[in-house]
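Here the structure comes first, spelled out in C-alpha coordinates, and everything after it is commentary.
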Amino acid sequence: MSDTYHWWQTGIVYQIYPRSFQDTAGNGVGDLNGILERLDYVKSIGVETIWLSPIYPSPMADFGYDVADYCAINPLFGNMEDFDRLLEAAHAREMKLILDLVPNHTSDEHAWFTASRSSRDNPQRDWYIWADPAPDGGPPNNWVSFFGGPAWTLDELTGQYYLHQFVAKQPELNYRNPAVRQAMLDVMRFWLDKGVDGFRVDVIWLMMKDPALRDEPVNPDWDGRNTQEKLIHIYTNNLPEVHDVIRDMRAVLDEYGPGERVMVGEIYMPYDQLLNYYGADNDECHLPFNFWLILTAWDAQAVRAQVEEYEAALASDQWPNWVLGNHDQHRIATRVGPAQARVANMLLLTLRGTPTCYYGDEIAMQDVAIPPEFIQDPPALLQPEIADEIGRDPERTPMQWNAAPNAGFSPPGVQTWLPVAHDYAQNNVAEQEIQADSMLNFFKALSFLRADEPALHRGSYATVSSGADQVFAYRRDAAGHASFLIVLNFGDAAHTLDLSSAGHRGVIEVATGMQRSGELDLDKLDLVADEGLVIRLT
Ligand code: GLC
(Lines give C-alpha, C1' and ligand atoms only; values in the text may rest on other atoms or scores of the structure.)
Protein backbone atom coordinates (compact mmCIF):
# COMPACT_ATOMS: atom_id res chain seq x y z
CA MET A 1 0.00 0.00 0.00
CA SER A 2 1.37 3.39 -0.91
CA ASP A 3 1.86 6.20 1.58
CA THR A 4 -1.01 8.20 0.23
CA TYR A 5 -4.45 7.17 1.27
CA HIS A 6 -7.79 7.92 -0.29
CA TRP A 7 -10.69 9.43 1.61
CA TRP A 8 -12.60 6.16 1.45
CA GLN A 9 -9.74 4.41 3.24
CA THR A 10 -9.27 6.73 6.18
CA GLY A 11 -12.77 8.13 6.86
CA ILE A 12 -15.86 6.65 8.47
CA VAL A 13 -18.89 5.80 6.29
CA TYR A 14 -22.33 6.58 7.76
CA GLN A 15 -25.38 4.97 6.22
CA ILE A 16 -28.54 7.07 6.16
CA TYR A 17 -31.85 5.38 5.48
CA PRO A 18 -33.57 8.47 4.07
CA ARG A 19 -37.11 7.44 4.99
CA SER A 20 -36.13 7.49 8.65
CA PHE A 21 -33.62 10.29 9.18
CA GLN A 22 -35.52 13.59 9.30
CA ASP A 23 -38.96 14.48 8.00
CA THR A 24 -39.28 18.16 7.00
CA ALA A 25 -42.41 17.77 4.85
CA GLY A 26 -44.51 16.57 7.80
CA ASN A 27 -45.71 13.41 6.07
CA GLY A 28 -44.09 10.87 8.39
CA VAL A 29 -41.29 10.01 5.94
CA GLY A 30 -37.78 11.47 5.96
CA ASP A 31 -36.53 13.55 3.04
CA LEU A 32 -33.47 15.16 1.46
CA ASN A 33 -34.05 18.51 3.10
CA GLY A 34 -34.10 16.66 6.41
CA ILE A 35 -30.68 15.22 5.69
CA LEU A 36 -29.46 18.69 4.75
CA GLU A 37 -30.79 20.03 8.05
CA ARG A 38 -28.91 17.32 9.95
CA LEU A 39 -25.67 17.49 8.01
CA ASP A 40 -23.87 19.42 10.73
CA TYR A 41 -24.85 16.74 13.20
CA VAL A 42 -23.39 14.04 10.96
CA LYS A 43 -20.23 16.07 10.59
CA SER A 44 -20.13 16.61 14.36
CA ILE A 45 -19.87 12.89 15.08
CA GLY A 46 -16.70 12.62 13.03
CA VAL A 47 -18.15 11.03 9.92
CA GLU A 48 -16.73 11.85 6.53
CA THR A 49 -18.78 9.86 4.05
CA ILE A 50 -22.54 9.54 3.83
CA TRP A 51 -24.14 6.66 1.96
CA LEU A 52 -27.79 7.21 1.14
CA SER A 53 -30.09 4.25 0.66
CA PRO A 54 -32.10 4.71 -2.58
CA ILE A 55 -33.75 8.08 -3.22
CA TYR A 56 -35.06 7.37 -6.73
CA PRO A 57 -38.66 7.27 -7.95
CA SER A 58 -40.08 3.97 -6.79
CA PRO A 59 -43.44 2.40 -6.01
CA MET A 60 -41.72 1.36 -2.74
CA ALA A 61 -42.50 -2.34 -3.05
CA ASP A 62 -39.07 -2.84 -1.43
CA PHE A 63 -38.75 0.67 0.01
CA GLY A 64 -36.78 2.15 -2.85
CA TYR A 65 -34.76 -0.93 -3.81
CA ASP A 66 -37.30 -1.16 -6.64
CA VAL A 67 -36.22 1.70 -8.88
CA ALA A 68 -38.61 3.12 -11.50
CA ASP A 69 -36.18 5.75 -12.81
CA TYR A 70 -32.45 5.72 -12.08
CA CYS A 71 -31.84 9.36 -12.97
CA ALA A 72 -34.42 11.22 -10.93
CA ILE A 73 -35.43 11.90 -7.34
CA ASN A 74 -38.53 10.44 -5.72
CA PRO A 75 -40.91 13.35 -4.99
CA LEU A 76 -41.40 11.81 -1.55
CA PHE A 77 -37.80 12.76 -0.80
CA GLY A 78 -37.68 16.08 -2.70
CA ASN A 79 -36.44 17.05 -6.13
CA MET A 80 -33.21 17.34 -8.07
CA GLU A 81 -32.55 20.86 -6.77
CA ASP A 82 -32.79 19.54 -3.21
CA PHE A 83 -30.35 16.82 -4.12
CA ASP A 84 -27.92 19.26 -5.73
CA ARG A 85 -28.09 21.44 -2.63
CA LEU A 86 -27.39 18.49 -0.38
CA LEU A 87 -24.42 17.40 -2.45
CA GLU A 88 -23.02 20.89 -2.48
CA ALA A 89 -23.52 21.29 1.26
CA ALA A 90 -21.76 17.98 1.91
CA HIS A 91 -18.82 18.98 -0.24
CA ALA A 92 -18.68 22.40 1.40
CA ARG A 93 -18.18 20.56 4.71
CA GLU A 94 -15.47 18.38 3.17
CA MET A 95 -17.79 15.41 3.31
CA LYS A 96 -18.44 12.84 0.59
CA LEU A 97 -21.77 11.55 -0.63
CA ILE A 98 -22.29 8.13 -2.14
CA LEU A 99 -25.50 6.77 -3.59
CA ASP A 100 -27.05 3.35 -3.57
CA LEU A 101 -26.99 1.90 -7.07
CA VAL A 102 -29.46 -0.94 -7.60
CA PRO A 103 -28.47 -2.46 -10.94
CA ASN A 104 -29.57 -6.08 -10.49
CA HIS A 105 -33.27 -5.34 -10.83
CA THR A 106 -35.64 -2.50 -11.61
CA SER A 107 -39.17 -1.87 -10.51
CA ASP A 108 -41.81 -3.47 -12.73
CA GLU A 109 -42.90 0.14 -13.23
CA HIS A 110 -39.62 1.14 -14.87
CA ALA A 111 -40.11 2.11 -18.55
CA TRP A 112 -37.60 -0.59 -19.57
CA PHE A 113 -39.79 -3.28 -18.05
CA THR A 114 -43.02 -1.81 -19.37
CA ALA A 115 -41.52 -2.07 -22.86
CA SER A 116 -40.00 -5.49 -22.23
CA ARG A 117 -43.22 -7.07 -21.04
CA SER A 118 -45.34 -5.53 -23.81
CA SER A 119 -44.59 -8.26 -26.37
CA ARG A 120 -42.17 -11.08 -27.05
CA ASP A 121 -40.66 -9.18 -29.95
CA ASN A 122 -40.23 -5.84 -28.23
CA PRO A 123 -36.60 -4.65 -28.75
CA GLN A 124 -36.20 -4.51 -24.98
CA ARG A 125 -37.61 -8.00 -24.39
CA ASP A 126 -34.21 -9.44 -23.58
CA TRP A 127 -33.31 -6.62 -21.20
CA TYR A 128 -34.91 -8.88 -18.58
CA ILE A 129 -34.80 -12.63 -17.98
CA TRP A 130 -37.83 -14.29 -19.55
CA ALA A 131 -38.46 -18.01 -19.86
CA ASP A 132 -41.20 -20.35 -21.02
CA PRO A 133 -43.21 -22.24 -18.43
CA ALA A 134 -42.15 -25.76 -17.49
CA PRO A 135 -44.13 -28.50 -19.30
CA ASP A 136 -46.66 -28.52 -16.44
CA GLY A 137 -47.16 -24.77 -16.81
CA GLY A 138 -45.23 -24.02 -13.61
CA PRO A 139 -42.09 -21.90 -13.22
CA PRO A 140 -39.14 -22.63 -15.53
CA ASN A 141 -36.94 -23.98 -12.72
CA ASN A 142 -36.74 -24.32 -8.92
CA TRP A 143 -35.13 -20.96 -8.11
CA VAL A 144 -36.51 -19.19 -5.04
CA SER A 145 -36.84 -15.58 -3.97
CA PHE A 146 -34.82 -14.25 -1.04
CA PHE A 147 -38.08 -12.98 0.37
CA GLY A 148 -40.05 -16.22 0.09
CA GLY A 149 -41.75 -18.17 -2.70
CA PRO A 150 -40.63 -18.81 -6.26
CA ALA A 151 -38.26 -16.46 -8.09
CA TRP A 152 -40.53 -16.47 -11.15
CA THR A 153 -43.81 -14.76 -11.96
CA LEU A 154 -45.94 -15.57 -14.98
CA ASP A 155 -46.81 -12.57 -17.09
CA GLU A 156 -50.20 -13.43 -18.61
CA LEU A 157 -49.88 -11.09 -21.59
CA THR A 158 -47.01 -12.95 -23.25
CA GLY A 159 -47.30 -16.29 -21.45
CA GLN A 160 -43.73 -16.29 -20.16
CA TYR A 161 -42.25 -16.08 -16.69
CA TYR A 162 -39.81 -13.35 -15.60
CA LEU A 163 -37.12 -13.73 -12.95
CA HIS A 164 -37.03 -11.84 -9.64
CA GLN A 165 -34.89 -12.88 -6.68
CA PHE A 166 -36.77 -10.41 -4.47
CA VAL A 167 -40.45 -9.39 -4.79
CA ALA A 168 -42.37 -9.87 -8.02
CA LYS A 169 -42.24 -6.11 -8.51
CA GLN A 170 -38.42 -6.34 -8.86
CA PRO A 171 -37.74 -7.97 -12.26
CA GLU A 172 -34.07 -8.81 -12.84
CA LEU A 173 -32.11 -7.20 -15.63
CA ASN A 174 -30.21 -9.37 -18.10
CA TYR A 175 -26.52 -8.47 -17.87
CA ARG A 176 -25.68 -10.85 -20.70
CA ASN A 177 -27.19 -8.17 -22.94
CA PRO A 178 -24.55 -5.49 -23.73
CA ALA A 179 -27.24 -2.82 -24.12
CA VAL A 180 -28.26 -3.31 -20.48
CA ARG A 181 -24.66 -3.00 -19.37
CA GLN A 182 -24.24 0.22 -21.32
CA ALA A 183 -27.47 1.63 -19.94
CA MET A 184 -26.35 1.05 -16.36
CA LEU A 185 -22.90 2.52 -17.01
CA ASP A 186 -24.66 5.61 -18.35
CA VAL A 187 -26.69 5.82 -15.14
CA MET A 188 -23.43 5.84 -13.20
CA ARG A 189 -22.04 8.62 -15.42
CA PHE A 190 -25.18 10.67 -14.89
CA TRP A 191 -24.55 10.83 -11.13
CA LEU A 192 -20.78 10.98 -11.33
CA ASP A 193 -21.08 13.99 -13.68
CA LYS A 194 -23.10 15.68 -10.97
CA GLY A 195 -20.22 15.14 -8.57
CA VAL A 196 -21.43 12.14 -6.55
CA ASP A 197 -18.44 10.47 -4.86
CA GLY A 198 -19.33 6.89 -5.66
CA PHE A 199 -21.81 4.08 -5.15
CA ARG A 200 -22.73 1.32 -2.81
CA VAL A 201 -23.83 -1.31 -5.31
CA ASP A 202 -26.79 -3.42 -4.26
CA VAL A 203 -26.48 -7.24 -4.46
CA ILE A 204 -23.55 -6.95 -6.81
CA TRP A 205 -22.73 -10.65 -6.44
CA LEU A 206 -26.12 -11.66 -7.87
CA MET A 207 -25.93 -9.82 -11.17
CA MET A 208 -25.26 -12.85 -13.38
CA LYS A 209 -27.33 -16.03 -13.58
CA ASP A 210 -26.84 -19.36 -15.25
CA PRO A 211 -27.89 -18.88 -18.91
CA ALA A 212 -29.18 -22.47 -19.02
CA LEU A 213 -31.40 -21.75 -15.99
CA ARG A 214 -30.45 -25.05 -14.36
CA ASP A 215 -32.18 -26.11 -11.15
CA GLU A 216 -30.21 -25.35 -8.02
CA PRO A 217 -29.35 -28.26 -5.72
CA VAL A 218 -31.42 -28.66 -2.59
CA ASN A 219 -29.63 -27.82 0.66
CA PRO A 220 -29.52 -31.05 2.69
CA ASP A 221 -29.24 -29.01 5.90
CA TRP A 222 -32.35 -26.90 5.31
CA ASP A 223 -34.43 -26.62 8.47
CA GLY A 224 -37.71 -26.13 6.59
CA ARG A 225 -38.10 -22.49 7.57
CA ASN A 226 -36.67 -19.70 5.41
CA THR A 227 -37.34 -20.72 1.79
CA GLN A 228 -34.26 -18.85 0.62
CA GLU A 229 -32.09 -21.35 2.47
CA LYS A 230 -33.75 -24.31 0.78
CA LEU A 231 -31.37 -24.28 -2.18
CA ILE A 232 -27.63 -23.96 -2.66
CA HIS A 233 -27.34 -20.92 -4.89
CA ILE A 234 -24.72 -22.02 -7.38
CA TYR A 235 -26.59 -20.75 -10.45
CA THR A 236 -27.81 -17.37 -9.18
CA ASN A 237 -25.03 -16.11 -6.86
CA ASN A 238 -21.36 -15.38 -7.38
CA LEU A 239 -21.07 -16.55 -11.01
CA PRO A 240 -17.56 -16.03 -12.45
CA GLU A 241 -18.94 -13.83 -15.27
CA VAL A 242 -20.13 -11.25 -12.76
CA HIS A 243 -16.56 -10.03 -12.47
CA ASP A 244 -16.62 -8.76 -16.09
CA VAL A 245 -19.65 -6.64 -15.30
CA ILE A 246 -18.01 -5.24 -12.18
CA ARG A 247 -14.79 -4.43 -14.03
CA ASP A 248 -16.78 -2.37 -16.52
CA MET A 249 -18.43 -0.49 -13.67
CA ARG A 250 -15.11 0.17 -12.01
CA ALA A 251 -13.67 1.45 -15.30
CA VAL A 252 -16.41 4.09 -15.37
CA LEU A 253 -15.47 5.25 -11.86
CA ASP A 254 -11.84 5.37 -12.88
CA GLU A 255 -12.75 7.70 -15.76
CA TYR A 256 -13.22 10.30 -13.02
CA GLY A 257 -9.69 9.82 -11.67
CA PRO A 258 -8.33 6.61 -10.19
CA GLY A 259 -9.30 6.28 -6.54
CA GLU A 260 -11.32 9.50 -6.52
CA ARG A 261 -14.75 7.90 -6.68
CA VAL A 262 -15.51 4.74 -4.77
CA MET A 263 -17.36 1.51 -5.45
CA VAL A 264 -18.58 -0.43 -2.44
CA GLY A 265 -20.14 -3.79 -3.24
CA GLU A 266 -22.79 -5.62 -1.27
CA ILE A 267 -21.56 -9.23 -1.12
CA TYR A 268 -22.49 -11.84 1.45
CA MET A 269 -19.73 -14.42 0.86
CA PRO A 270 -16.94 -16.16 2.79
CA TYR A 271 -13.54 -14.46 2.57
CA ASP A 272 -12.12 -16.79 -0.08
CA GLN A 273 -14.88 -15.64 -2.45
CA LEU A 274 -15.35 -12.12 -1.09
CA LEU A 275 -11.76 -11.13 -1.80
CA ASN A 276 -12.22 -11.94 -5.50
CA TYR A 277 -14.44 -8.87 -5.66
CA TYR A 278 -11.42 -6.60 -5.33
CA GLY A 279 -10.55 -7.89 -8.80
CA ALA A 280 -7.51 -9.82 -9.97
CA ASP A 281 -5.79 -6.51 -10.74
CA ASN A 282 -7.54 -4.57 -8.03
CA ASP A 283 -9.90 -3.44 -10.77
CA GLU A 284 -13.30 -4.21 -9.25
CA CYS A 285 -14.76 -2.99 -5.93
CA HIS A 286 -12.66 -0.67 -3.80
CA LEU A 287 -14.53 -2.00 -0.80
CA PRO A 288 -16.34 -5.35 -1.04
CA PHE A 289 -18.45 -5.10 2.09
CA ASN A 290 -17.15 -7.33 4.87
CA PHE A 291 -20.22 -8.39 6.86
CA TRP A 292 -18.46 -10.89 9.11
CA LEU A 293 -18.85 -8.83 12.28
CA ILE A 294 -22.59 -9.16 11.68
CA LEU A 295 -22.52 -12.82 10.73
CA THR A 296 -20.19 -14.05 13.49
CA ALA A 297 -21.35 -15.02 16.97
CA TRP A 298 -20.54 -12.29 19.52
CA ASP A 299 -17.67 -14.07 21.17
CA ALA A 300 -14.13 -12.74 21.62
CA GLN A 301 -12.40 -15.79 20.15
CA ALA A 302 -14.81 -16.10 17.22
CA VAL A 303 -14.40 -12.42 16.35
CA ARG A 304 -10.62 -12.61 16.78
CA ALA A 305 -10.52 -15.60 14.42
CA GLN A 306 -12.53 -13.65 11.82
CA VAL A 307 -10.25 -10.65 12.05
CA GLU A 308 -7.14 -12.79 11.77
CA GLU A 309 -8.49 -14.76 8.82
CA TYR A 310 -9.36 -11.56 6.96
CA GLU A 311 -6.06 -9.86 7.78
CA ALA A 312 -4.12 -12.93 6.62
CA ALA A 313 -6.09 -13.25 3.38
CA LEU A 314 -5.89 -9.61 2.24
CA ALA A 315 -3.20 -8.67 -0.25
CA SER A 316 -1.28 -5.48 0.43
CA ASP A 317 -3.31 -3.54 -2.14
CA GLN A 318 -6.70 -4.75 -0.86
CA TRP A 319 -8.07 -2.27 1.67
CA PRO A 320 -10.09 -3.81 4.53
CA ASN A 321 -13.51 -2.67 5.71
CA TRP A 322 -15.91 -3.58 8.50
CA VAL A 323 -19.65 -3.20 8.98
CA LEU A 324 -21.60 -3.47 12.22
CA GLY A 325 -25.12 -2.83 11.02
CA ASN A 326 -27.31 -1.87 8.09
CA HIS A 327 -30.94 -1.62 7.06
CA ASP A 328 -31.13 -5.38 6.52
CA GLN A 329 -29.81 -6.53 9.90
CA HIS A 330 -31.07 -6.29 13.44
CA ARG A 331 -29.56 -3.36 15.35
CA ILE A 332 -26.17 -4.03 16.90
CA ALA A 333 -27.35 -2.80 20.33
CA THR A 334 -30.12 -5.40 20.17
CA ARG A 335 -27.94 -8.19 18.79
CA VAL A 336 -25.20 -7.88 21.39
CA GLY A 337 -27.21 -6.19 24.15
CA PRO A 338 -26.79 -2.69 25.55
CA ALA A 339 -23.84 -3.69 27.77
CA GLN A 340 -21.80 -4.75 24.73
CA ALA A 341 -22.90 -2.04 22.29
CA ARG A 342 -19.96 0.18 23.24
CA VAL A 343 -17.48 -2.66 22.94
CA ALA A 344 -18.87 -3.38 19.46
CA ASN A 345 -18.47 0.22 18.35
CA MET A 346 -14.97 0.40 19.81
CA LEU A 347 -14.11 -2.66 17.75
CA LEU A 348 -15.61 -1.18 14.57
CA LEU A 349 -13.76 2.11 14.96
CA THR A 350 -10.37 0.64 15.85
CA LEU A 351 -9.95 -2.31 13.50
CA ARG A 352 -7.81 -1.75 10.41
CA GLY A 353 -9.97 -0.63 7.51
CA THR A 354 -12.93 1.54 6.62
CA PRO A 355 -15.78 1.33 9.14
CA THR A 356 -19.42 1.62 8.06
CA CYS A 357 -21.81 2.78 10.76
CA TYR A 358 -25.60 2.59 10.44
CA TYR A 359 -27.54 5.72 11.43
CA GLY A 360 -28.62 5.64 15.06
CA ASP A 361 -26.00 3.09 16.11
CA GLU A 362 -23.99 6.01 17.49
CA ILE A 363 -26.74 6.49 20.10
CA ALA A 364 -27.27 2.75 20.52
CA MET A 365 -30.72 2.70 18.96
CA GLN A 366 -32.38 -0.66 19.46
CA ASP A 367 -34.70 -2.69 17.27
CA VAL A 368 -38.26 -1.47 17.72
CA ALA A 369 -40.96 -4.11 18.09
CA ILE A 370 -43.44 -3.61 15.25
CA PRO A 371 -47.07 -4.51 15.96
CA PRO A 372 -48.31 -6.95 13.27
CA GLU A 373 -50.64 -4.36 11.71
CA PHE A 374 -47.70 -2.00 11.11
CA ILE A 375 -45.40 -4.50 9.44
CA GLN A 376 -44.37 -3.22 6.01
CA ASP A 377 -41.26 -5.09 5.01
CA PRO A 378 -41.92 -7.59 2.18
CA PRO A 379 -40.00 -10.61 3.58
CA ALA A 380 -41.86 -10.28 6.90
CA LEU A 381 -45.19 -10.12 5.06
CA LEU A 382 -44.33 -12.99 2.74
CA GLN A 383 -43.11 -15.33 5.50
CA PRO A 384 -45.06 -14.19 8.57
CA GLU A 385 -44.09 -17.30 10.58
CA ILE A 386 -40.48 -16.07 10.68
CA ALA A 387 -41.18 -12.32 10.56
CA ASP A 388 -39.28 -11.74 13.81
CA GLU A 389 -36.20 -13.26 12.32
CA ILE A 390 -36.22 -11.86 8.80
CA GLY A 391 -38.37 -8.71 9.04
CA ARG A 392 -36.32 -5.53 8.66
CA ASP A 393 -38.75 -2.88 9.91
CA PRO A 394 -37.39 -3.03 13.51
CA GLU A 395 -34.01 -1.62 12.45
CA ARG A 396 -35.47 1.02 10.10
CA THR A 397 -37.39 3.17 12.58
CA PRO A 398 -37.18 6.98 12.83
CA MET A 399 -34.00 8.56 14.14
CA GLN A 400 -34.36 9.65 17.76
CA TRP A 401 -33.36 13.31 17.80
CA ASN A 402 -34.93 14.67 20.97
CA ALA A 403 -37.68 14.23 23.54
CA ALA A 404 -40.37 16.07 21.54
CA PRO A 405 -43.32 14.01 20.25
CA ASN A 406 -42.16 11.78 17.36
CA ALA A 407 -38.60 12.16 18.70
CA GLY A 408 -38.12 15.30 16.62
CA PHE A 409 -38.19 13.15 13.48
CA SER A 410 -41.64 14.29 12.31
CA PRO A 411 -43.70 17.18 13.62
CA PRO A 412 -45.98 16.32 16.57
CA GLY A 413 -49.23 14.63 15.62
CA VAL A 414 -47.94 13.16 12.38
CA GLN A 415 -48.16 9.38 11.97
CA THR A 416 -44.60 8.29 11.22
CA TRP A 417 -44.17 5.56 8.58
CA LEU A 418 -42.79 3.18 11.20
CA PRO A 419 -43.32 3.61 14.94
CA VAL A 420 -40.77 5.57 16.96
CA ALA A 421 -39.03 3.63 19.78
CA HIS A 422 -40.89 3.97 23.10
CA ASP A 423 -37.77 4.98 24.98
CA TYR A 424 -37.02 7.94 22.70
CA ALA A 425 -37.60 10.50 25.45
CA GLN A 426 -34.57 9.14 27.33
CA ASN A 427 -32.58 7.83 24.43
CA ASN A 428 -32.04 10.54 21.85
CA VAL A 429 -29.35 12.76 20.36
CA ALA A 430 -30.20 15.93 22.34
CA GLU A 431 -30.11 14.07 25.65
CA GLN A 432 -26.90 12.26 24.81
CA GLU A 433 -25.20 15.43 23.67
CA ILE A 434 -25.43 16.81 27.21
CA GLN A 435 -24.53 13.65 29.11
CA ALA A 436 -20.74 13.54 29.26
CA ASP A 437 -20.57 9.75 29.41
CA SER A 438 -23.26 8.99 26.81
CA MET A 439 -22.92 6.53 23.96
CA LEU A 440 -22.86 9.47 21.56
CA ASN A 441 -19.98 11.18 23.35
CA PHE A 442 -18.21 7.85 23.52
CA PHE A 443 -18.65 7.41 19.76
CA LYS A 444 -17.34 10.92 19.11
CA ALA A 445 -14.32 10.40 21.35
CA LEU A 446 -13.45 7.34 19.31
CA SER A 447 -14.09 8.85 15.91
CA PHE A 448 -12.02 11.95 16.66
CA LEU A 449 -9.15 9.96 18.12
CA ARG A 450 -9.29 7.74 15.05
CA ALA A 451 -9.13 10.74 12.73
CA ASP A 452 -6.20 12.29 14.61
CA GLU A 453 -4.08 9.18 14.93
CA PRO A 454 -2.45 7.62 11.86
CA ALA A 455 -2.05 4.30 13.68
CA LEU A 456 -5.82 4.09 14.05
CA HIS A 457 -6.95 5.19 10.59
CA ARG A 458 -4.23 3.53 8.54
CA GLY A 459 -1.79 1.67 10.77
CA SER A 460 -1.06 -2.03 10.87
CA TYR A 461 -2.96 -4.59 12.92
CA ALA A 462 -1.51 -7.26 15.23
CA THR A 463 -3.32 -9.53 17.67
CA VAL A 464 -2.07 -9.36 21.28
CA SER A 465 -2.53 -12.40 23.46
CA SER A 466 -4.76 -11.46 26.39
CA GLY A 467 -4.69 -14.73 28.29
CA ALA A 468 -8.48 -14.54 28.80
CA ASP A 469 -10.99 -16.24 26.52
CA GLN A 470 -13.47 -13.42 26.69
CA VAL A 471 -10.94 -10.67 25.97
CA PHE A 472 -9.81 -9.68 22.48
CA ALA A 473 -6.76 -7.40 22.33
CA TYR A 474 -4.76 -5.96 19.46
CA ARG A 475 -2.24 -3.30 18.56
CA ARG A 476 -2.33 -0.65 15.91
CA ASP A 477 0.96 0.87 14.74
CA ALA A 478 2.11 3.39 12.18
CA ALA A 479 5.81 4.12 11.82
CA GLY A 480 6.75 7.46 13.31
CA HIS A 481 3.43 7.83 15.17
CA ALA A 482 1.95 6.77 18.48
CA SER A 483 0.94 3.10 18.87
CA PHE A 484 -2.29 1.92 20.44
CA LEU A 485 -3.45 -1.14 22.32
CA ILE A 486 -7.13 -1.98 22.20
CA VAL A 487 -8.51 -4.30 24.86
CA LEU A 488 -12.11 -5.50 24.57
CA ASN A 489 -13.96 -7.51 27.18
CA PHE A 490 -16.74 -9.42 25.40
CA GLY A 491 -17.90 -10.94 28.68
CA ASP A 492 -19.50 -9.91 31.94
CA ALA A 493 -16.65 -11.01 34.20
CA ALA A 494 -13.80 -8.78 35.37
CA HIS A 495 -10.21 -9.74 34.52
CA THR A 496 -6.71 -8.84 35.58
CA LEU A 497 -4.58 -9.22 32.46
CA ASP A 498 -0.92 -9.36 31.65
CA LEU A 499 -0.56 -7.50 28.36
CA SER A 500 3.14 -6.82 28.73
CA SER A 501 3.83 -8.47 25.38
CA ALA A 502 2.39 -5.26 23.86
CA GLY A 503 4.37 -2.83 26.04
CA HIS A 504 4.85 -1.83 29.65
CA ARG A 505 2.90 1.31 30.20
CA GLY A 506 0.12 3.20 28.55
CA VAL A 507 -2.41 5.97 28.91
CA ILE A 508 -6.13 5.42 28.54
CA GLU A 509 -7.46 7.49 25.65
CA VAL A 510 -11.03 6.19 25.49
CA ALA A 511 -12.83 3.85 27.88
CA THR A 512 -16.29 2.43 27.22
CA GLY A 513 -17.60 3.89 30.49
CA MET A 514 -16.09 7.31 29.70
CA GLN A 515 -15.01 7.57 33.34
CA ARG A 516 -11.59 5.99 33.35
CA SER A 517 -8.44 7.81 32.34
CA GLY A 518 -4.81 8.04 33.31
CA GLU A 519 -1.74 5.85 33.13
CA LEU A 520 -1.56 2.13 33.71
CA ASP A 521 0.85 -0.78 33.90
CA LEU A 522 0.17 -3.31 31.22
CA ASP A 523 1.43 -6.30 33.17
CA LYS A 524 -1.45 -6.01 35.61
CA LEU A 525 -4.36 -4.39 33.87
CA ASP A 526 -7.77 -4.51 35.51
CA LEU A 527 -10.66 -4.71 33.12
CA VAL A 528 -14.22 -4.61 34.42
CA ALA A 529 -17.18 -6.45 32.88
CA ASP A 530 -18.12 -5.34 29.34
CA GLU A 531 -15.26 -2.89 29.29
CA GLY A 532 -13.19 -1.76 26.34
CA LEU A 533 -10.11 0.47 26.43
CA VAL A 534 -8.10 2.27 23.81
CA ILE A 535 -4.65 2.72 25.32
CA ARG A 536 -1.85 4.88 23.92
CA LEU A 537 1.39 3.01 24.45
CA THR A 538 4.01 5.10 26.22
C1 GLC B 1 -30.12 -5.56 -0.85
C2 GLC B 1 -30.66 -4.43 -0.01
C3 GLC B 1 -31.98 -4.85 0.53
C4 GLC B 1 -32.92 -5.09 -0.63
C5 GLC B 1 -32.34 -6.11 -1.59
C6 GLC B 1 -33.06 -6.10 -2.89
O7 GLC B 1 -29.84 -6.68 -0.11
O8 GLC B 1 -29.73 -4.09 0.97
O9 GLC B 1 -32.53 -3.90 1.39
O10 GLC B 1 -34.15 -5.55 -0.16
O11 GLC B 1 -31.00 -5.82 -1.89
O12 GLC B 1 -32.77 -4.92 -3.60
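The values are calculated or read from the model by the stated rules, or taken from the named source; none is laboratory data. A quick note: this is a predicted structure, and the numbers were derived from the prediction, not measured. Here the Cβ positions follow ideal geometry from the backbone for every residue, glycine too, while neighbour counts run over all protein chains shown.
Could you say which residue among A529, A502 is in the same structural domain as A479 (by TED's automatic domain parsing), exposed (fewer than 15 other Cβ atoms within 10 Å of the Cβ), in contact (Cβ under 8 Å) with a residue 24 or more places away in the chain and within 35 Å of the chain's Cα centre (by Cα)?
Checking each option against the conditions leaves just A529.
Considering every residue within the range 198-207, establish whether at least one is part of a loop (DSSP other than H, G, I, E, B) and touching a His at 6+ places or on another chain (Cβ under 9 Å).
yes
Among the residues of the range 125-139, are any within 16 Å of the ligand (Cβ to nearest atom), within 27 Å of F291 (Cα to Cα) and touching a strand residue (DSSP E or B) at 6+ places or on another chain (Cβ under 7 Å)?
Scanning the range 125-139, I find no residue that is within 16 Å of the ligand (Cβ to nearest atom), within 27 Å of F291 (Cα to Cα) and touching a strand residue (DSSP E or B) at 6+ places or on another chain (Cβ under 7 Å), so the answer is no.
Would you mind listing the strands (runs of 3 or more DSSP E) fully within the range 87-164 where at least 3 residues are farther than 30 Å from D31 by Cβ and of a type outside the set (A, V, I, L, M, F, W, C)?
160-163
For residues in the range 1-55 being among the acidic types (D, E) and over 25 Å from E311 (Cα atoms), which is surrounded by the fewest Cβ atoms within 10 Å (Cβ to Cβ)?
D40
Here is a list: D126, D62, D108. Which entry is over 27 Å from G11 (Cβ atoms) and touching a Lys or Arg at 6+ places or on another chain (Cβ under 6 Å)?
D108
Of the residues A445, A425, A468, which is in the same structural domain as A404 (by TED's automatic domain parsing), under 23 Å from G337 (Cβ atoms) and surrounded by fewer than 22 Cβ atoms within 10 Å (Cβ to Cβ)?
A425
Note down all Cβ pairs under 6 Å where the first residue falls in the range 194-208 and is within 14 Å of M269 (Cβ to Cβ), the second is more than 16 Å from the ligand (Cβ to nearest atom) and β-branched (V, I, T), and they're at least six residues apart or on different chains.
If the second residue must be more than 16 Å from the ligand (Cβ to nearest atom) and β-branched (V, I, T), the pairs left are M207/V245.
Would you tally the residues in the range 224-264 being away from the ligand (no atom under 15 Å from the Cβ) and on the phi > 0 side of the Ramachandran plot?
Selection size over the range 224-264: 3.
Whether any residue in the range 435-448 is closer than 27 Å to N402 by Cβ and charged (D, E, K, R) is what I want to check.
The answer is yes; a qualifying residue exists.
Could you tell me whether P75 is within 16 Å of the ligand (Cβ to nearest atom), over 16 Å from the mean Cα position of the chain (by Cα) and in the same structural domain as D202 (by TED's automatic domain parsing)?
no
Taking the range 79-109, which residues are within 16 Å of the ligand (Cβ to nearest atom) and within 26 Å of I50 (Cβ to Cβ)?
I98, L99, D100, L101, V102, P103, N104, H105, T106, S107, listed by residue number.
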